[in-house]
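Written below as structure tokens is the structure these notes are about.
Rule-based calculations on the coordinates, nothing more; no lab input. Values in this document were obtained by computation on a predicted structure and should not be read as measured data. Cβ coordinates were reconstructed from backbone atoms using ideal geometry, including for glycine residues, and neighbour counts include every protein chain displayed.
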Amino acid sequence: MQTQRRRFLRRAGTFAFTILAGALPYSLARFMAPVRRIDPTQQLALPGALPDWRAFRAACIGCGMCGEVCPPRCIQFHRNDGGLAVNTPFINPQVKACTLCGKCMEVCPTDALTVTPREKVNMGVAQIDRAGCYPWIDQGICGACVSACPLGTKAIRFEMWNQYRPVVERGCVGCGVCVEVCPHPSLPIRIVNRGQGTIVQHPV
């Protein structure tokens, strides 16, 4: 009797172990893609994205269609750096910026992206570090950011009394083209949350 009971317990244990071992890869899938800390200025939301990151992550199904239709190929996807955000899209303007063509919003099959006029897009706002920008420290002329902006002077213009010093305007939607074309090695212009302002504040 005891022998039969031991045999039963052994088989039950083996069966339970097999079930757990089979389910383990799925239950740990998210942990196999741990979150890696990356500068948020290198992970911009797509145009028309839900403003709440958790809502966007929940709505996005990771189909990749936004990346397929993107003309400048600026859309990247979280892979083994994303944790719960695996396969969700983002834009790194230091690599390739958004041109506000709107195709990603049009093709998105879910509510993750909503068709939005490019003047109403909110990906952030450009912030300039005047301590590093060539014209602002009188180390030469540039104007690349102003010349390349897809929204023109509504978003960024030259200072009234100096035709080369850039000034970010309210019309900036944070597409990141200015970041992509900036020739300075330290990239004194970046995209940040609107609450952070358009000028880097250094401690006095």
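Summary table
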item: Under 18 Å from Lys154, Cα to Cα: aspartates and glutamates that are on another chain or at least 8 residues apart; result: Glu119, Glu169
item: Trypsin sites (Lys or Arg not before Pro) within region 58-124, DSSP loop, no more than 13 other Cβ atoms inside 10 Å; result: Arg73, Arg79
item: Of every Cα-Cα pair in region 43-82, the percent that sits beyond 16 Å; result: 38 percent
item: Convex hull volume of region 124-196 per residue (C-alpha atoms, cubic angstrom); result: 80 Å³
item: Distance cut-off 22 Å, percentage of C-alpha pairs in region 81-163 lying past it; result: 43 percent
item: Under the Debye formula (equal points on every Cα, no solvent term), log10 I(q)/I(0) of region 40-117 at q = 0.13 Å⁻¹; result: -0.32
